[in-house]
1. So which GluC sites (Glu not before Pro) in the stretch 333-427 end up in coil per DSSP with only 11 or fewer other C-beta atoms within 10 Å?
2. Measure off 7 Å from each Cα along the Cα-to-Cβ vector at Thr513 and Arg409, then give the distance between these two points in nanometres to one decimal.
3. At Glu274 and Asp70, where each label point lies 7 Å from the Cα along Cα→Cβ, what is the point-to-point distance in nanometres?
4. In the stretch 408-448, whose amide N lies under 17 Å from the spot 7 Å out along Cα-to-Cβ of Thr389? List them in ranges.
5. Using Cα centres only, tell me the gap between the stretch 491-512 and the stretch 72-126 in whole Å.
6. Charges at C-beta only: +1 for Lys and Arg, -1 for Asp and Glu. How large is the resulting dipole of the stretch 168-228 about its Cα centre, in Debye rounded to 20?
7. How many percent of all Cα-Cα pairs in the stretch 97-232 sit more than 25 Å apart?
8. Using Cα pairs closer than 8 Å and at least 6 residues apart in sequence, work out the relative contact order for the stretch 332-411, in percent.
Amino acid sequence: MGGAKNCPETPRQKMIGMMYLVLTAMLALNVSTDILNGFRLVDDSLHFTLDATELQIKSMMNDFKAAAEDNEQKNGEWYRKALELNRRADSLYNFIEDFKFNVASLANKDMQQVLDKNPGQGTRVSNMKVKDNLDVTAQYALNEHHGDTLKMMFEDYRDYLINLTDGRKRNEFEQMFSTKGGTTNDGDSITWEQVIFEGMPLGASVAILTKMQLDVRSAQNEMVIYLRDQTDAGDIRANKLEAFVIPNSQYVMRGGKYTAKIVLAAVDSTATPEYYIDGQKIGSDGIYEVVASGTGLKKYSGELVIPATMPGEEPRHIRFSSEYTVGEPSVTIANKEMDVIYSDYNNKYSISVPGVSADKVNLQVTGATAKLTNGEWIIRTTEKAKEVTMEVFAELDGKRQSMGKQKFRVKPLPEPSIFLVSNGKPISGGKIAKKELTDPDTYFEASYGEDGVLKCPYKVKSFETRINGRWQNPTTNPKFSGEMVSAIKGLQSNQDVIVQTFKVVDDQGKERTLSGKTLVFYIK
């Protein structure tokens with residue numbers, strides 16, 4: 001399913017953007033707060049666009065799901081990535097919605113009754129009686145530090161989107177979810193939270209938060225289109241009949257066999273073609289096999305003959321050509337898990353020499369140790385090694401002969417992700433029941449994720465928490481301490497538990513402190 005590539009703004013979206021800028025400028029000029037009622041129009045327009053965007057996302061996801069069920073191999077992986085995208089987008093969107101409700105409720109005590117009378121609408125400027133209060137937004141966002149959490153979640157969502165596209169939309173998402181601070185008229189630096197929320201009338205704040213929700217959904221919509229397009233990225237659409245030669249390998253050692261399969265694309269299954277190489281007919285399965293003699297480039301050509309299927313029709317002849325190289329014996333070293341070699345890790349390599357049995361192949365390394373286990377070479381770098389050289393030897397005609405060598409750069413293991421494991425399922429943050437956090441079997445786990453190519457050797461050793469704004473003593477294991485559990489049990493709905501400063505230890509007992517790994521949970 002194709003989609004819009006550049007997602008140009010509609011005239012309505014441009015109008016909303018202009019209204020947003022004009023009304024923001026009014027605030028900067030200290031225009032009477034009565035004028036801020038204009039934010040009701042902006043907020044209603046934003047919600048109109050939000051509704052349309054959410055309908056579009058829902059429709060695309062329904063199509064995406066059907067495509068994944070129809071062809072799991074082609075679409076399944078991308079559909080699961082889209083589900084994870086939606087989970088993260090919903091988490092941030094719902095946090096902003098809770099933020100709006102809590103701010104509005106500070107000045108409008110009847111907000112819950114209003115929402116009950118208008119189910120599904122969410123918190124809007126139009127259903128608030130008090131819109132010009134200048135204190136409640138700063139109180140909730142700055143004094144109670146909920147603005148800090150919003151900023152962190154914005155940044156996490158932005159970084160996730162950038163990584164999902166391999167960085168190709170970095171500039172777009174960095175601008176859309178920018179959390180840069182600003183300066184006062186006196187030139188003093190202020191934070192992003194102060195720029196957005198300090199001294200801001202309630203009506204304006206709610207409209208700005210709605211704009212943030214629209215940004216979340218717009219990015220989500222664009223990324224669902226992107227992920228759906230990836231399912232077709234590798235498709236080949238033929239527009240003509242063409243013969244293809246598919247060799248097992250285009251490089252053959254002297255004395256080995258060259259094998260290739262000749263196929264016809266878009267062939268009619270009722271008309272079996274005949275295969276000819278250099279004028280000689282070969283088997284009906286289209287497999288061409290010849291003993292390689294001498295070294296160098298070998299070329300050959302032939303044709304496929306498609307018999308006539310209608311009276312008076314002539315057979316069709318489709319020409320093809322290909323080539324292969326015959327060379328001296330060589331070796332291939334293939335790392336099963338990665339292209340580089342990692343320090344403090346059991347790197348697994350499969351090493352073979354064509355035509356030589358495994359028991360007559362040996363490996364010599366510098367800068368590392370090598371051990372053959374169950375047909376695989378386990379390579380572990382020595383301390384402070386920056387480069388590892390592997391040289392393969394084979395026993396040929398009773399003599400030990402070097403088959404080639406290769407150098408690898410040593411890199412440290414990447415930092416793993418951290419998940420809270422509750423009832424057997426990994427959780428990366430967001431809304432959570434209090435009992436899930438306080439369950440004695442709940443623990444934190446280090447992982448490279450289900451799609452990771454590396455097996456994570458780390459286990460969580462300790463971490464720190466900030467529960468409802470108060471730091472607790474660090475743990476000494478992967479579970480919440482008794483002190484932390486007691487603090488969590490005293491939390492109310494929407495209060496947060498922030499977990500960070502994770503320390504992990506590998507299978508050799510080496511400790512490592514993870515940087516930038518923070519999980520945020522909110523009590524349901």
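Only the coordinates and a few stated rules stand behind these numbers; no lab work does. Since the structure is predicted, the reported quantities are computational estimates derived from the model, not experimental observations. Methodologically, a virtual Cβ is constructed for each residue, glycine included, from the backbone with ideal geometry; neighbour enumeration extends over all protein chains shown.
1. Loop-located and lightly packed - Glu383.
2. 2.8 nm
3. Here the modelled spin labels are 4.0 nm apart.
4. Output list for this probe position: 408-410.
5. Taking the Cα centre of each part, the stretch 491-512 and the stretch 72-126 sit 27 Å apart.
6. 500 debye
7. Numbers: 3396 of 9180 pairs.
Counting pairs separated by more than 25 Å, the tail of P(r) holds 37 percent.
8. On the way: 164 pairs, mean separation 24.7, N = 80.
In percent, rounded to a whole number, it is 31.
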